[in-house]
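To start, the structure itself, in C-alpha cells.
The values are calculated or read from the model by the stated rules, or taken from the named source; none is laboratory data. Because the structure is a prediction, the values reported are computed rather than measured. Neighbour counts are summed over all protein chains in view; Cβ atoms, including those assigned to glycine, are modelled from backbone coordinates with ideal geometry.
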Amino acid sequence: MLSELQDRIARREARLAVIGLGYVGLPVACMFAEAGFHVSGVEIRADRVARINAGESPIEGEEPGLAELLAQVVATGRLRATTDYEALRDCDIVLIDVETPVDEDHVPRYGALRSACRALGPVLKPGALVIVESTIAPGTIDRVVRPLLEESSGSHSGVDFYLGACPERVMPGKLLSNLRSLSRVCGGETPEVSATMMVLYRAIIPQADLDAADCVTAELVKTTENAFRDVNIAFANEVALICEAVGANVDRVRELVNKSPGRNMHVAGAGVGGHCIPKDPWLLAYGAQGRAELRLIPTARAVNDGMPLHVAALLEEALAERGQSLRGARVLVMGYAYLENSDDTRNSPSEVLVGALRAAGADVRIHDPWVEDYQGDVLAMAQGCDAAVVMVAHTAYKALDPGQLGVPVLVDGRRIYDPVRVHAAGITYRGVGVGKRT
Ligand code: SAJ
C-alpha cells in the first residue's frame, strides 16, 4: 500500500490533512497546498478557522511570505480549514501539529495530542500515514500515539495505517524559510514508512537533507538538539558568574575561548525563554522514564532559570551601594520579549524578574518596543527611576547612550552597553558576567 501512496504523493493526488493550525501547522499546511496537494486543516478554534478560510493569517508577528501564501492557497481552494474531523475521512496523510507543553512538574501535558488521536481514529482512512510533527518525548509514539490511534480506530498500526514522527524546526519570524531550508528527520515505524515520508517532505523541502530513522530516534533528535543548546547556554551563564567573582568580562573570555578549535561557547545572559528551549530538555528527560540518572540536563535548566534572580541580586547590590534597598525602589525593566527584536513573550525571563522585584517591594515599570502592552518612550519612562535593568538586547536599546536614561543605577543583563561608558556617566553599573573591576 505504501508504494501506491508514494505514487499518489508524487502525482499530488494524495489528500493531506494537518491537525492544529498554529505557528507550525498553518505554514506547513500552506506549503503543502502550494506544492499542489489538497489540504484540509483541522483547528479547534472556530475563530481561527474563519480567519484562515477568509484568507487571513492569524499568526502574530512578522512572518515573511506567510500571509500572501495563505491568501493564495485559500483562494485556489487548495487549503480549507474546519473544526470538523469528518473532513479527514478521505485523507491519505495526516500531520499532527498540536501543542505539547510541559507542566510545572516538568511532565508533558499531552491533552491536545491525546484528543487529536482520539478524534482522528474513527475517521482514519485505511492505509493512511499519520505523522506527528509536534515535539514529543522519546517513546511517545510507542506509548501514547500508537495505542490511542489503534484503540480509537479499531485497527492496527503497520497494517491498517502507518505511523511516523517528523519534528519541525521552526523559529518565530522564520517559519516558512526554516520549513523550506532545514533538514528533517523522517522517523518511520518501518523503513518503508520513512521512505514514504521522504517522498512527501521532498515536495516542500527541495534541498535540505531528509534523514531516515526510526520513530524514537526522531523524537530524540529534536529534544536533544534543544537540550544541547540549553546546556551550552547554562555553561556560558556559569562562566559569567565566575567572571563576576574574579573581575573579568565574560564576552572577552568567550571571544578568546571560541578561537580555540572546536569551541563554541554560547552567550551568557539574563535567562532563557521561548517556546522550545525551556521545554524540550524536560521532554528529553521524561523520555528516559527514570531509567537513567540525569543530573546535567536538570541542572542546566536550574542554572538558566536562576539567571533572572541573579539579575535581581545584582540590582539589589548596586542599589545598596547607593544606600538604597529594593523596597520602594522605582525600577524600569527594559525588555519583556524572550528574544531580541521579537514580540514573543512566552516563558520570558523578564516575567520572573518582575515577579521577584515586586515581591521585594520594588515599584516596577516595564518597557518593550516590540510588545504592545509595554511600548512607549523609554527615556521618558526612565525619568525618576532609581534603576534600569536591561533584559533583552533589542536593537532599539543598543542605539541609546546609557547616560540618556538618567538613572543612577544600571544593570545590564545582556551587556549591550560598554561598562566603561556607563561608569564614566557616573552610573552605578552591574552586568551579568562583568566583574566589578572591569
Ligand atoms: N539565549 C541565551 N544565550 C544564547 C542563546 C540564546 O541566553 O547563547 C537565550 C535567548 O535570549 C532566549 C532563549 O535563550 O531567551 C532562546 O533563544 P534561541 O536563540 O534558542 O531562540 P528560540 O527559542 O527561538 O530557539 C529556536 C530553536 N529552534 C527550534 O526549536 C526549531 C533552537 O533549536 C534554535 O537553535 C534557535 O531557534 C535558533 O537560534 O535557531
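When the test is whether a residue is within 25 Å of Gly22 (Cβ to Cβ), in contact with an Asp or Glu (Cβ under 7 Å, 6 or more places away or on another chain) and surrounded by fewer than 17 Cβ atoms within 10 Å (Cβ to Cβ), Ser183 passes it.
Figure legend. Inter-residue proximity from the range 222-234: first residues in contact (Cβ under 8 Å) with a residue 40 or more places away in the chain and on the phi > 0 side of the Ramachandran plot, second residues surrounded by fewer than 24 Cβ atoms within 10 Å (Cβ to Cβ) and part of a helix (DSSP H, G or I), beta-carbon distance below 7 Å, spacing 6+ or different chains. No pairs are indicated.
Of the listed requirements (1) within 16 Å of the ligand (Cβ to nearest atom); (2) under 27 Å from the mean Cα position of the chain (by Cα), Val434 misses just one: (2). Scanning the range 403-428 for residues that are surrounded by 20 or more Cβ atoms within 10 Å (Cβ to Cβ), within 33 Å of the chain's Cα centre (by Cα) and more than 12 Å from Met334 (Cα to Cα) returns Val409, Arg415, Tyr417, Pro419. Just give me the residues in the range 128-137 being farther than 26 Å from Leu284 by Cβ and within 16 Å of the ligand (Cβ to nearest atom), in sequence order. Selection gives nothing.
Each row is one residue, and each column tells you yes or no for (1) basic (Lys, Arg); (2) free of Cβ contacts under 8 Å to residues at least 60 places away in the same chain; (3) in contact with a helix residue (DSSP H, G or I) (Cβ under 8 Å, 6 or more places away or on another chain); (4) farther than 24 Å from Val24 by Cα.
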position: Val145; (1), (2), (3), (4): no, yes, yes, no
position: Glu151; (1), (2), (3), (4): no, yes, yes, yes
position: Gly154; (1), (2), (3), (4): no, yes, yes, yes
position: Arg169; (1), (2), (3), (4): yes, yes, yes, no
position: Pro172; (1), (2), (3), (4): no, no, no, no
position: Ser177; (1), (2), (3), (4): no, no, no, no
position: Gly188; (1), (2), (3), (4): no, yes, yes, no
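Would you be able to say whether some residue in the range 132-146 is assigned to a loop (DSSP other than H, G, I, E, B) and of a type in the set (Asp, Glu)? Yes, the range 132-146 has at least one match.
Read through the list (1) out of contact with any Ser or Thr (no Cβ under 8 Å at 6 or more places or on another chain); (2) part of a helix (DSSP H, G or I), then give the number of the only condition that Arg365 fails. So Arg365 meets the others, but not (2).
Could you tell me whether Thr140 is away from the ligand (no atom under 16 Å from the Cβ), closer than 30 Å to Thr345 by Cα and more than 18 Å from the chain's Cα centre (by Cα)? It is true that Thr140 is away from the ligand (no atom under 16 Å from the Cβ), closer than 30 Å to Thr345 by Cα and more than 18 Å from the chain's Cα centre (by Cα). Highlighted here are the helices (runs of 4 or more DSSP H) found entirely within the range 371-438 that include at least 2 residues which are aliphatic (A, V, I, L, M) and within 23 Å of Ala337 (Cβ to Cβ): 378-382.
Please determine, by comparing only the residues of the range 168-222 that are of a type in the set (Gly, Ala, Ser) and within 12 Å of the ligand (Cβ to nearest atom), which one is modelled with the highest pLDDT. The selected residue is Ser183.
Residues that are within 22 Å of His38 (Cα to Cα) and either more than 15 Å from the ligand (Cβ to nearest atom) or more than 18 Å from the chain's Cα centre (by Cα) (or both) within the range 152-167 comprise Phe161, Tyr162, Leu163, Gly164, Ala165, listed in sequence order.
Tell me, yes or no, whether the range 270-286 has at least one residue that is in contact (Cβ under 8 Å) with a residue 40 or more places away in the chain, within 16 Å of the ligand (Cβ to nearest atom), part of a loop (DSSP other than H, G, I, E, B) and over 30 Å from Gly139 (Cα atoms). Yes: the range 270-286 contains one or more residues that are in contact (Cβ under 8 Å) with a residue 40 or more places away in the chain, within 16 Å of the ligand (Cβ to nearest atom), part of a loop (DSSP other than H, G, I, E, B) and over 30 Å from Gly139 (Cα atoms).
Can you name the residue in the range 302-342 that is more than 12 Å from the ligand (Cβ to nearest atom) and under 30 Å from Ala288 (Cα atoms) and is also surrounded by the fewest Cβ atoms within 10 Å (Cβ to Cβ) among such residues? Restricting to residues being more than 12 Å from the ligand (Cβ to nearest atom) and under 30 Å from Ala288 (Cα atoms), the top hit is Ala302.
Annotation: Asp412 fulfils all but one of (1) in contact with a Cys (Cβ under 7 Å, 6 or more places away or on another chain); (2) without any contact (Cβ under 8 Å) to a residue 40 or more places away in the chain; (3) of a type outside the set (Lys, Arg); the unmet one is (1). Number of residues in the range 368-402 that are surrounded by 12 or more Cβ atoms within 10 Å (Cβ to Cβ), of a type in the set (Asp, Glu) and farther than 26 Å from Ala320 by Cβ equals 1.
Residue by residue through the range 108-137, note down the ones that are within 17 Å of Asp84 (Cα to Cα) and within 27 Å of the chain's Cα centre (by Cα). Correct list: Ala112, Leu113, Arg114, Ser115, Ala116, Cys117, Arg118, Ala119, Leu120. Of all the criteria given as (1) within 26 Å of Glu86 (Cα to Cα); (2) among the charged types (D, E, K, R); (3) within 16 Å of the ligand (Cβ to nearest atom), the one not satisfied by Asp230 is (1).
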